[in-house]
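The values are calculated or read from the model by the stated rules, or taken from the named source; none is laboratory data. As the structure is a prediction and not an experimental result, all values here were calculated from the model. Counting neighbours? That spans all protein chains shown, and the Cβs are built from the backbone with ideal geometry, glycine included. These area figures cover heavy atoms from the full protein model, side chains too; ligands, DNA and RNA do not enter into them. Shrake-Rupley method; radii C 1.70, N 1.55, O 1.52, S 1.80 Å.
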Amino acid sequence: MTITQLPSSAQCRLWQVDLDATPAPQAVASLSEAEWERARRFVFRRDRNRFVAAHAALRETLSAQCGIPASLLEFDNGAFGKPTLVEHAQLRFNLSHSQSVALIAVCDEAEVGVDVELLRPMPDAAALAASYFTEAERHALAQLEPSARDRAFLACWTRKEACLKATGMGLSVDTRSFDVGVVPDSREVKITSADGVVRLALSSFHDVQGALCAVARVLICEEAVVVQRLPAVESETYA
Ligand SMILES: CC(C)(COP(=O)(O)OP(=O)(O)OC[C@H]1O[C@@H](n2cnc3c(N)ncnc32)[C@H](O)[C@@H]1OP(=O)(O)O)[C@@H](O)C(=O)NCCC(=O)NCCS
């Protein structure tokens, strides 16, 4: 596994991981028994190796950030499964993987979500958009030349996922209730649900393998809807 730091985005530190490069034995040995248990459930060796590489890279990256040895890091999962660090819980992070690529985002004191999808043909894009995108997003997709639609669809998808992963609520939030757009711009997103309101800074970027990537950071949360109660973050504007 090869870990490469990317330029920061939405005030989050970012790393890209090549999951098909063999990890160092020391990095592999840092995984917990629970992670090995999950790794063993993969049917195909390649998927198992990629999972191991992603989690070894996550441990190595977080270890470098907080100074705790990689094998001693302990994780806790929130109500909807979002992992946090037990110690150094103020160091927020998120992981995403798509085939041979993983992304790790780290942020101090604010919840972060990240998503990566390799650019590929999306024959079921229209059906997925009908289920998950807002009317404005579906309309914007339909206006595009067919050759541009896969990229725009995956841009929108990764942007939604990054926002959902930042809140930690996953698909308990209606993905059709907030607009992120199909253009990879930077913007502020507001999610309103029965549990409260969350505002996020959202940015898209492309990594070196041409994957579509998005990162979202919680700016302000008006209710305890996030994985863990956030420290009081002053409202800020996002350009
Ligand atoms: C599980 C979910 C958090 C992300 O799933 P995903 O996109 O398939 O997977 P990713 O590779 O991006 O992220 C997985 C990682 O996110 C982290 N994660 C798990 N639950 C999480 C949660 N509730 N919130 C944030 N991060 C979470 C974990 O580190 C996980 O890695 P691991 O499985 O190796 O431990 C969730 O959003 C989901 O189920 N999505 C389904 C896809 C979908 O329908 N999206 C609609 C978009 S419009």
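Kindly check whether there is at least one residue in the stretch 7-14 that is modelled with pLDDT of 95 or more, closer than 30 Å to L200 by Cα and away from the ligand (no atom under 16 Å from the Cβ). Yes, some residue in the stretch 7-14 is modelled with pLDDT of 95 or more, closer than 30 Å to L200 by Cα and away from the ligand (no atom under 16 Å from the Cβ). Between A152, A224, A214, the distinction of being modelled with pLDDT of 90 or more and touching a strand residue (DSSP E or B) at 6+ places or on another chain (Cβ under 8 Å) belongs to A214 only.
Counting the residues of the stretch 61-82 that are within 15 Å of the ligand (Cβ to nearest atom), at pLDDT 95 or above and open to solvent by 30 Å² or more (accessible area, probe 1.4 Å) gives 2. Considering only residues in the stretch 89-98 that are more than 10 Å from the ligand (Cβ to nearest atom) and touching a residue at least 24 places away in the same chain (Cβ under 8 Å), the one that is nearest to V215 (Cα to Cα) turns out to be L91.
Is the stretch 127-145 home to any residue that is under 22 Å from V215 (Cβ atoms), open to solvent by 70 Å² or more (accessible area, probe 1.4 Å) and part of a helix (DSSP H, G or I)? For the stretch 127-145, residues under 22 Å from V215 (Cβ atoms), open to solvent by 70 Å² or more (accessible area, probe 1.4 Å) and part of a helix (DSSP H, G or I): present. Annotation note: Cβ proximity below 8 Å between a residue of the stretch 175-201 that is open to solvent by less than 40 Å² (accessible area, probe 1.4 Å) and a residue that is outside any helix (DSSP H, G or I) and aromatic (F, W, Y) (sequence gap 6+ or interchain) occurs for T175/F133; V189/F178; I191/F178; A201/Y238. Of the residues making up the stretch 67-126, those that are among the hydroxyl-bearing types (S, T, Y) and closer than 30 Å to F153 by Cβ number 3. Within the stretch 165-194, the set of residues being in a helix (DSSP H, G or I), of a type in the set (A, V, I, L, M) and either in contact with a Lys or Arg (Cβ under 8 Å, 6 or more places away or on another chain) or modelled with pLDDT of 95 or more (or both) comprises A166 only. Considering the conditions (1) near the ligand (Cβ under 9 Å from one of its atoms); (2) open to solvent by 10 Å² or more (accessible area, probe 1.4 Å); (3) assigned by TED's automatic domain parsing to the domain that holds S203, R149 is excluded by exactly one of them, (1).
Screening the stretch 21-46 for residues that are over 23 Å from S71 (Cβ atoms) and not hydrophobic (A, V, I, L, M, F, W, C) and picking the one that is least open to solvent (accessible area, probe 1.4 Å) gives R46.
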